[in-house]
Every structure is written in C-alpha cells, then in structure tokens.
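Each value in this text was obtained by applying a stated rule to the coordinates, not by laboratory testing. Only a predicted model underlies this, so the values are computations on that prediction, with no experimental measurement involved. Ideal geometry is used to build each Cβ from the backbone, glycine not excepted, and the neighbour counts take in all protein chains shown.
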Amino acid sequence: MVDLVLPFITNKSEILDPSAGDGIFIKALIDRGVNTSQITGHDINSEKIQSLLELGIHARCTDTLLEDYPLKDIIIGNPPYKSRRKSIYMKINRKELEKRYYFIGLYNLYSLFIVNAIQHMKSKGILCFIVEDAFFTNRYYRRFREFILNNTYILEIKLAPWRLFHRSQADVRTAILTLKKKDQENYQEYHGDKKHIMRLIDRLASEKEYKNPPKVQNVPQIEYRKMPDHKFFVGVPLSIIRLIQNPPARFGDIAKGGTGISTGNDDKYLRPALEVESDPESWVGFYKSGQRTPYYYKTPYFIEKNYQKNAEADPKNFLVRNEQFYFKEGITCSSVGRKFSAAYLPPGNLFGVNANFFFDNEDDLYYSLGYLNSKLVQYLARKVIHRSNIIATSFLKEMPFRTPSIEQKSEVIAIVKDIINSLKNNPNYNFVPEAERIDEIIFNLYGISNKLKREITGFCEKIIDFA
Ligand SMILES: C[S@@+](CC[C@H](N)C(=O)[O-])C[C@H]1O[C@@H](n2cnc3c(N)ncnc32)[C@H](O)[C@@H]1O
C-alpha cells in the first residue's frame with residue numbers, strides 16, 4: 001500500500017494515517033524515505049500515542065470521525081471494521097455520527113472512515129485503505145458507493161488474498177482501495193467517469209502476487225454507475241456485466257417467495273423425526289437454514305403443523321412471515337456459506353428464514369431448480385450480485401433471467417426430475433454428470449463463450465479462495 005501511494009508523495013505532501021495503531025504504515029513510509037515531519041498519525045486510544053511520537057511524527061490522540069483536522073494530500077491506513085451491531089463506540093456516539101454521516105447511513109466503521117478521509121483530502125489527494133469488501137454489493141451501502149463515485153476517481157481496487165486476516169478474524173475478505181479525490185469544482189460531474197479508467201485486480205492467491213497480479217482489468221468508472229445500485233465488481237468480464245446492467249428479465253419475474261418462520265428458539269420448537277413419528281398428523285417437516293444439499297434432501301427437523309398456536313403464545317419470538325406460501329411445493333435454498341444450493345421443497349411442509357421460492361406452475365419450479373443450482377447462477381450470485389456468505393431471496397430475485405426455448409426447458413426439467421428421484425432412492429447418488437449437462441444448457445442459453453465457461457467453472461470449484 002505504501003508503494004502505491006509513494007509516486008504521489010512530494011516533499012510538500014501532508015500524509016495522515018487516521019487510525020494509526022502501532023504505526024505499521026508510518027514505519028513503512030519512513031523506511032521508504034518519507035520525511036517524518038510530513039506524517040501525522042491519529043488514534044483514539046491514548047496508549048498508542050507515545051510509541052507513535054517516538055517515531056518522530058506528529059501524533060494526536062483524537063476521534064478521527066468526530067473531531068476536525070486540516071485537509072491532507074495523502075491518507076493511508078487500515079481503519080477499524082466493526083458493524084453497527086458490534087461497535088460499542090457506534091452505539092455510544094450514534095447521535096453525533098448520524099449528524100455527520102447520515103447521508104450514507106451508519107452500517108460499519110470502515111465506511112465512515114472512508115467518507116471522513118475523502119472529506120479531509122485536498123482536491124486530487126490520494127486515499128489508500130484496506131477495508132472489508134462486503135460493501136461492493138450490499139444494498140445498504142448503495143449511497144456510500146455513490147458517494148465514492150461522486151467524489152473520487154477509483155485508481156485501483158485490489159482484492160487482497162482472503163486468508164490475510166484469518167489469524168485474527170474469521171472469513172473477512174478485504175480489498176485495497178486507492179482513490180483520487182475529484183476536483184472540488186467538478187464535484188458532481190459524471191463526465192469524467194467515462195474517461196477515467198479504473199485498474200481492477202481480482203482476488204490474489206497470496207501476498208506474493210501484489211507486484212505482478214495475474215488478473216487485471218481496466219474498466220471505465222462509468223461502468224460502476226451503470227450497475228444496479230452502483231454495485232462495484234472486480235474481475236468480471238464485460239459480457240457478464242452487460243447481462244447484469246440490462247437483464248432480459250429477472251428471476252423475481254417468475255418466482256415469488258421469501259423467508260418463513262423464525263422460531264426464535266429452535267430447541268424449543270423443533271423435533272427430530274424419531275420423536276414425532278407416532279404423530280404425523282400434528283408435525284410437518286421444517287426446511288431451514290444450514291442445509292447445503294442441492295436438488296433434494298429430507299429435512300431432519302419437524303415443527304408443529306399448528307404454527308399459529310405457537311405464534312399466539314410467543315408473539316415476540318415466534319415470527320410468521322409469508323404465510324400464503326406455507327405447505328406449498330417450492331424451492332428451499334441454503335442460507336449461509338460461500339456456495340449456495342437450492343433443493344426441492346415438497347408440499348405439506350413449513351420453512352424457515354432462508355430463501356424460499358414458489359411458482360405459478362410446476363414446470364417453472366423444476367426448471368428454476370436446475371437454473372439456481374447451475375454454475376452460472378453460482379458465479380453471478382457470489383462474484384457479481386452479492387459478495388457475502390448470505391443468501392437472501394431479495395438478491396436471488398435480481399438474477400438475470402433469460403427465457404429458455406421449449407426444448408431447453410423440457411430437457412432441464414427432465415434432468416432435474418431424474419436427479420430428485422435418484423436422490424430419493426439414494427441420498428449419495430452422484431448427479432455430477434447430469435448437473436454438468438444442465439450447466440451446458442444454461443451457459444448456451446446465456447451465450448457464454450467457451451473461455452468464460454472455463455473461468456466460471458474454475459471459480460465455482462475454488463469458490464472459497466476466489467470469491
Ligand atoms: C485496525 S487498527 C489499525 C492498525 C494499524 N494499521 C497498526 O499498524 O497497528 C485500528 C485502529 O483504529 C483506532 N481507532 C478506532 N476508532 C477510532 C477513531 N474513531 N478515531 C481514531 N482512531 C480510532 C484503534 O484504536 C486502532 O488502533
């Protein structure tokens with residue numbers, strides 16, 4: 001990161017690390033020959049200040065997000081990542097933070113640090129931060145992404161190796177953002193976004209690849225503006241991007257659905273099959289989060305058919321949503337995990353807070369099961385539409401949906417029915433060859449080139465490393 005900003009540093013530049021901690025960035029700047037008098041470090045934790053001062057820089061114990069400071073030429077650092085739910089600081093200072101950052105919403109500390117840094121940069125100043133990359137696609141961050149696009153040129157986004165922080169935190173995927181503040185006069189000017197080319201570097205396998213990254217893409221900034229909700233993408237070919245920007249239709253046009261029952265206490269309300277065998281009239285299967293078996297599985301959980309009784313007795317915790325779909329035949333999806341899967345939801349059952357879909361006719365249901373489990377959808381979901389390990393009805397409904405020909409549709413339906421029947425007889429049935437045939441049909445329907453097919457297949461095989 002220090003090497004990224006060095007070319008912009010002159011002997012007049014004023015440089016800030018707004019959350020300096022132990023001063024890793026500052027030490028690296030000094031090692032590269034930057035004059036200590038040009039560097040300032042902030043930290044809210046007074047214990048960090050003495051060692052920062054010992055480096056010979058200006059160090060201030062201050063709350064960067066709430067106290068003012070002079071404009072800077074270069075801002076570099078690793079701000080804290082804490083969500084609004086986890087940050088005590090955000091709870092305590094909510095009112096003050098809201099006054100300053102209401103226009104992007106208070107979702108996470110790192111987004112506030114980025115906005116604060118952009119506000120405190122001189123025109124054409126450079127920002128280089130390593131932050132979580134969940135904001136690229138999450139809809140809560142729409143206004144934040146728009147703020148970045150309005151106020152800066154994105155020079156580079158680099159998806160850092162995903163194991164970078166694994167010693168300290170689980171599954172935090174990060175990106176290194178290098179931004180240049182737009183001219184104040186051209187503040188709201190989109191025009192520059194057509195000409196400005198961003199350098200987008202796909203997920204690196206290891207830190208060794210920083211210098212010569214294998215997958216680099218040069219894309220005009222205007223492409224981010226054209227994305228629904230201004231989603232940021234990295235390493236996605238333009239043919240796929242066009243599909244997302246101008247979808248023929250969306251999956252939500254043929255599928256309805258949503259979440260179902262949140263019991264608030266699964267131990268209290270759910271039973272294993274063995275315990276309810278003797279009373280099949282009163283208990284039904286409950287399809288809830290956690291299952292990652294595509295196409296078909298038997299749920300191990302059962303719930304009382306008379307769910308209304310439980311909702312009335314425990315209205316604060318036992319929550320009932322989308323009742324119109326209860327006991328219907330549909331599709332039930334896994335709820336967490338980088339890989340996601342869709343399985344047949346037999347009629348007569350209930351479902352939990354995972355994503356569930358229902359259709360006007362059976363053909364659409366079986367076709368959709370093949371479509372949702374296809375590699376193309378897996379890739380679109382994880383790489384373009386929602387970079388996280390959550391699967392929600394809302395963003396699956398956003399999936400671009402192209403109507404198949406009668407032949408394509410009936411072939412997919414026949415294969416899906418075959419897989420389901422085989423899995424009913426043998427839960428370990430190997431359906432890979434059939435699933436590959438469905439992949440091929442879906443790839444062809446969407447006009448995916450052979451090269452891209454290989455890329456998508458590679459991504460799906462190593463989704464944990466490359467998502
Ligand atoms: C992820 S650490 C930065 C680590 C740093 N790069 C290093 O070399 O140690 C984040 C730092 O931000 C500081 N911090 C958190 N909230 C802050 C705030 N509102 N203002 C200033 N510093 C803050 C924390 O005390 C912590 O030292």
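Here is how the numbers come out for the structure above:
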{"item": "Distance in nm between pseudo-label sites at residue 35 and residue 282 (7 Å out along the Cβ direction from Cα)", "result": "8.3"}
{"item": "Computed over the stretch 315-467: relative contact order in percent, which uses C-alpha pairs under 8 Å that are six or more apart", "result": "24"}
{"item": "Translational diffusion coefficient (Stokes-Einstein; Kirkwood radius from C-alpha pairs) of the chain at 20 °C, 1.002 mPa s, in µm²/s", "result": "87"}
{"item": "Two-site FRET efficiency, residue 322 against residue 451, from Cβ-Cβ distance with R₀ of 35 Å, rounded to 0.05", "result": "0.30"}
{"item": "Total formal charge among the other residues, if their Cβ is under 13 angstrom from that of residue 61, Lys/Arg +1 and Asp/Glu -1", "result": "-2"}
{"item": "Debye, to nearest 20: dipole size of the chain, +1 on Lys, Arg Cβ, -1 on Asp, Glu Cβ", "result": "980"}
{"item": "Neighbourhood net charge (11 Å Cβ-Cβ; Lys/Arg +1, Asp/Glu -1) for residue 431", "result": "-2"}
{"item": "In degrees, nearest ten, helix 450-461 long axis to first principal axis of the chain (Cα)", "result": "90"}
{"item": "Eligible lysines near residue 462 by straight Cα distance, threshold 21 Å, same-chain separation 8 or greater", "result": "158, 208, 215, 339, 375, 383, 451, 453"}
{"item": "Net charge of neighbours whose Cβ lies under 13 Å from the Cβ of residue 207, counting Lys and Arg as +1 and Asp and Glu as -1", "result": "+3"}
{"item": "Charge-dipole axis of the stretch 1-77 as Lys and Arg at +1 and Asp and Glu at -1 on Cβ define it, positive-most pick from 7, 46, 26", "result": "7"}
{"item": "Full-extension gain in nm, residue 403 to residue 265, via 0.36 nm per residue minus C-alpha separation", "result": "45.6 nm"}
{"item": "Neighbour-limited loop hits for GluC sites (Glu not before Pro), the stretch 244-291 (at most 15 other Cβ within 10 Å; DSSP other than H, G, I, E, B)", "result": "277, 281"}
{"item": "Fewest-first ranking of 377, 219, 5, using other Cβ atoms within 10 Å as the exposure measure", "result": "219, 5, 377"}
{"item": "For a label point 7 Å along the Cα-to-beta-carbon line of residue 238, residues of the stretch 217-231 with backbone N under 18 Å", "result": "217-228"}
{"item": "Cβ charges +1 (Lys, Arg) and -1 (Asp, Glu), total dipole of the stretch 19-93, debye", "result": "460"}
{"item": "Span from the the stretch 125-167 Cα centroid across to the the stretch 389-467 one, whole angstrom", "result": "30"}
{"item": "Potential extension, residue 464-residue 163 segment - 0.36 nm per residue separation minus Cα distance", "result": "107.3 nm"}
{"item": "Ascending count of other beta-carbon atoms within 10 Å, so fewest first, for 263, 10", "result": "10, 263"}
{"item": "In nm, spacing of pseudo-spin labels at residue 96 and residue 205 (7 Å Cα→C-beta vector)", "result": "4.8"}
